[in-house]
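A short worksheet on the structure shown next.
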Amino acid sequence: MQQRSSVTELAESLRSELNRYPVEGKLPSSRALVERFRVSPVTVSRALAQLAAEGLVVTRPGAGVFRAAPREPAAVAGDTSWQELTLSAEGPGDAGPRSVDASGVLASLTAPPPGVIELNGGYLHHSLQPERAMAAALTRAGRRPGAWGRPPLEGLTELRAWFAREIGGSVTAADVLVTAGGQSALTTALRALAAPGAAVLVESPTYPGMLSIARASGMRPVPVPGDADGVRPDLLEQAFRATGARAFVCQPLFQNPTGAVLAPGRRAEVLRIARAAGAFVVEDDYARYMGHDDGGPLPVPMAADDPDGVVVHVRSLTKATSPSLRVGALAARGPVLERLRAIQVVDSFFVPRPLQEAALELVGAPAWPRHLRAVATALRERRDSLAAALRRELPGLAPAHLPSGGYQLWCRLPEGTDEAAFAAAALRAGVAVAPGRPYFSAEPPGPYVRLSFAGVAGPTELAEAARRLAGCGGGVTGSRHRYAPTP
């Protein structure tokens, strides 16, 4: 059983038994709960913490856990209907709607119910995360002199220098800002480069979290289609001419969701086109540490080949480590760096120093390269297992392209399929998938689904997911196709 579901189930069991104890009555010890329910001490601790957060129990250090006194009756709800008008009313200075659609982001962040296989996530399964190395790094970081003091606004010099070396070329520590993960870096970059109401060029399809950032900031994402070799330069040039945009956001390495790698011949073309348009290229290098070691050496970041400051580079440690290690970087040259710095300071002041110190300890430890090699092997195994299971169980859903890095397969559904209905049917069958619609900034060319293989325990779970998907197929509304195993 996965640890998350173990915690949920134990908390439910304890919650149902609370009436056996008087108010302020003491619950069994953690050791007794471990023995009774045959779970780990960590599971017991987290389950009790969940009940404490709900106000059902009180933990008293050195004494134990006690049933909490009943809460005061909830206050009578007021009338908040006035907010609907206030939040939606547009003034003469508004560049666009003020509502925020985070559905594409929530689809990959919301934990599925217990027993559901998670093919819609964006993070490594806990068994692939370097938990021991991160714990050791955090312990060492906490003991450093000044570790709890205020860091430099731009980030620790040593960490900035490490990111600069990773990017390569002539990038230096002075060109780098430490950020609170990749999402924060993208938000800062877009706000620095485009005003509300302005057009921003994006790949099509692309990462929904970036589309949410742009729309929440009042910008207009304009799609630029690509193919197996990445974005098409001819269409990019046309889009700059048609829109007057001053920024293009792309993922040249293992693009999300397609997994495409921008072809060598197109890299220089993209930079030339952007430079001629007086525009920036935001290079979201989110999957740099998630290659599968079967496609040869990775291309260097575009920022390493850019002496003119066209590229604003985004990088993060989060994807290759843990959702909670939210440490990333922005790299840029020229006056734009000061604007990026100013926006970040206004928004969040700085990234907490203990987190920066822990990240520095982690990437400097011998365990770091070993972890990256282990992740590469595990992701390649899971990719191949999921692709093989789809070919066996659902040949019509098997992807045309197997990525050499990243953590997802991008699958075209048969024409006429209602992808939202397919996702709902899949969830009822016990598999969470991500519909393709949120990955497009305009009308999609067809129905798609993204299947992530990073958040599962291993190949056995992926094979089971494919079997469940094959069994759910006929319930797709608006489609005459049945996703059944071939004879």
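Only one entry of V314, V310, V261, V281 meets the criterion of being of a type outside the set (D, E), over 30 Å from Y448 (Cα atoms) and touching a Leu at 6+ places or on another chain (Cβ under 7 Å), and that entry is V310.
Of all residues in region 450-463, those that are assigned by TED's automatic domain parsing to the domain that holds E419 and within 21 Å of H401 (Cα to Cα) have Cβ atoms under 6 Å from Cβ atoms of residues that are of a type in the set (D, E, K, R) and surrounded by 17 or more Cβ atoms within 10 Å (Cβ to Cβ), 6 or more apart or on another chain, in F453/R382; F453/R383; G455/E118. Taking the stated definitions as given, is A247 out of contact with any Leu (no Cβ under 7 Å at 6 or more places or on another chain) and at negative phi? The answer is no for A247. Residues that are surrounded by 15 or more Cβ atoms within 10 Å (Cβ to Cβ) and closer than 30 Å to L390 by Cα occur in region 129-137; there is at least one. Within region 226-236, the set of residues being in a strand (DSSP E or B), more than 27 Å from P196 (Cα to Cα) and among the small types (G, A, S) comprises G230 only. Could you tell me which numbered condition P223 fails, if it satisfies all but one of (1) under 22 Å from the mean Cα position of the chain (by Cα); (2) part of a loop (DSSP other than H, G, I, E, B)? Only one criterion in (1) under 22 Å from the mean Cα position of the chain (by Cα); (2) part of a loop (DSSP other than H, G, I, E, B) is unmet by P223, namely (2).
Checking the structure you have, find out if any residue of region 237-248 is in a helix (DSSP H, G or I) and either touching a Ser or Thr at 6+ places or on another chain (Cβ under 7 Å) or among the small types (G, A, S) (or both). Scanning region 237-248 turns up at least one residue that is in a helix (DSSP H, G or I) and either touching a Ser or Thr at 6+ places or on another chain (Cβ under 7 Å) or among the small types (G, A, S) (or both).
T243 meets the stated requirement of being surrounded by fewer than 23 Cβ atoms within 10 Å (Cβ to Cβ) and polar (S, T, N, Q). Filtering region 24-51 to residues that are assigned to a helix (DSSP H, G or I) and in contact (Cβ under 8 Å) with a residue 12 or more places away in the chain leaves S30, L33, F37, V42, T43, V44, S45, R46, A47, L48, Q50, L51. State yes or no: is P257 in contact (Cβ under 8 Å) with a residue 60 or more places away in the chain, part of a loop (DSSP other than H, G, I, E, B), crowded, with 21+ Cβ neighbours inside 10 Å and in contact with a helix residue (DSSP H, G or I) (Cβ under 6 Å, 6 or more places away or on another chain)? Spelling it out, P257 is indeed in contact (Cβ under 8 Å) with a residue 60 or more places away in the chain, part of a loop (DSSP other than H, G, I, E, B), crowded, with 21+ Cβ neighbours inside 10 Å and in contact with a helix residue (DSSP H, G or I) (Cβ under 6 Å, 6 or more places away or on another chain).
Evaluated against (1) surrounded by fewer than 23 Cβ atoms within 10 Å (Cβ to Cβ); (2) outside the structural domain of D284 (by TED's automatic domain parsing), D308 falls short on exactly one condition, (2). Taken across region 65-74, residues that are surrounded by fewer than 10 Cβ atoms within 10 Å (Cβ to Cβ), modelled with pLDDT under 80 and small (G, A, S) do occur, with at least one present. Could you please find all residues in region 270-284 being in a helix (DSSP H, G or I) and among the aliphatic types (A, V, I, L, M)? Correct list: V270, L271, I273, A274, A276. Limited to region 436-465, what total is found for residues that are buried (at least 21 other Cβ atoms within 10 Å of the Cβ) and either β-branched (V, I, T) or at pLDDT below 90 (or both)? So the count comes out to 2. The residues of region 302-343 that are within 29 Å of M134 (Cα to Cα) and part of a loop (DSSP other than H, G, I, E, B), listed by number, are L317, T318, K319, A320, T321, S322, P323, S324, L325, R326, V327, A332. Tallying residues that are closer than 22 Å to D227 by Cα and in a loop (DSSP other than H, G, I, E, B) within region 381-415 yields 12.
If the condition is being without any contact (Cβ under 8 Å) to a residue 24 or more places away in the chain and farther than 20 Å from G122 by Cβ, then region 299-343 contributes P335, E338, A342.
The values are calculated or read from the model by the stated rules, or taken from the named source; none is laboratory data. This one's a predicted model, so the numbers in the text were calculated from it and none came from an experiment. Note: ideal-geometry Cβ built from the backbone for every residue, glycine included; neighbour counts use all protein chains shown.
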